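None of the figures in this text is laboratory data; all of them are computed from the coordinates on show. Given the structure is predicted, the values throughout are model-derived calculations rather than measurements. Cβ sites come from the backbone with ideal geometry, for glycine too, and all protein chains shown count toward neighbours.
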Amino acid sequence: MTGFIHDEHPFSDPEGGRDPVRRLRGRLAAPVTIVTAGDAERPVGLTVSSLVVAGDEASGMVHFVLGPDSYVWDVIQETGGFVVHVLEGPQRTLADRFAGIRPSPGGPFAGVDVVASEFGPVITACPTRAGCRLVGVRTENDHLLVSGSIEIVAVHELTDPLQWFRGGYLTGR
């Protein structure tokens, strides 16, 4: 590679020392979502890609992984509700804001159109979403597996889903 200082990422583990489970996970495309909770005085949100939806209309559940010290988890515990927003390809900047990797003076909600719901803040630019009630949490290794029942669903025609794959964004079908 011409014009670069390193041929590989300078901080990556050597090929033989890489965690095989992380390598497997990196080969699975994951949806990019934003999970929000709280109210107008204390809205919180975080980009989440370790998420699965299971069941059907009568028994829909969402399960996702958070760090045990997550401020979003604190608010979900207090309120008992959260909203899962499914992102589209052009919403990379929004994903980065809520992941805390893109500067956002005033916080991630600054300049974002939001309406209140009984489950938490709804980002209006994300028309595919689910309002959920917390039903349980399990500690798994160094993470929390959060489970919620899906109470309300809004589905929009999604032609360019935003996904996370091998350490970067992937869009399209």
Phi-based couplings in Hz for segment 77-87 (Karplus 6.51, -1.76, 1.60; Gly and Pro marked x):
4, 5, 9, x, x, 7, 10, 9, 10, 8, 9
Separation of the residue 65 and residue 118 label points, Cα + 7 Å toward Cβ, nm:
3.2 nm
Pairwise FRET efficiency - residue 19 versus residue 74, Cβ, R0 = 35 Å, nearest 0.05
0.80
Determine, from the Cβ-Cβ distance of residue 170 and residue 58 and an R0 of 41 Å, the FRET efficiency 1/(1 + (r/R0)^6), rounded to the nearest 0.05.
0.80
Amide H contacts under 5 Å for residue 151, restricted to residues at least 5 apart in sequence or on another chain and with H modeled in the peptide plane, are 131, 132, 133
Using θ = phi - 60° and the Karplus form 6.51 cos²θ - 1.76 cosθ + 1.60, what ³J(HN,Hα) does each residue of segment 159-170 get, whole Hz, x for Gly and Pro?
9, 9, x, 8, 10, 10, 8, 6, x, x, 7, 9
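Any chance you could run the full-extension gain for residue 99 through residue 158? It's 0.36 nm times the residue separation minus the Cα-Cα distance, nm to one decimal. Walk me through the numbers before you get to the answer.
Numbers: separation 59, 0.36 × 59 = 21.24 nm, distance 2.18 nm.
Working it through step by step, the gained length comes to 19.1 nm.
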In terms of the Cα gyration tensor, with a ≥ b ≥ c the square roots of its eigenvalues, is the chain rounded because a/c is under 1.5, prolate because a/b exceeds b/c, or oblate?
prolate
Say the dipole of the chain comes from +1 at the beta carbon of Lys and Arg and -1 at that of Asp and Glu; which of 93, 83, 164 then lies farthest toward its positive end?
164
What number, rounded to the nearest 500 deg cm²/dmol, is the helix-based mean residue ellipticity at 222 nm of the chain, given -39500 (n - 2.57) per DSSP H run of at least four residues and division by all its residues?
-3500 deg cm²/dmol
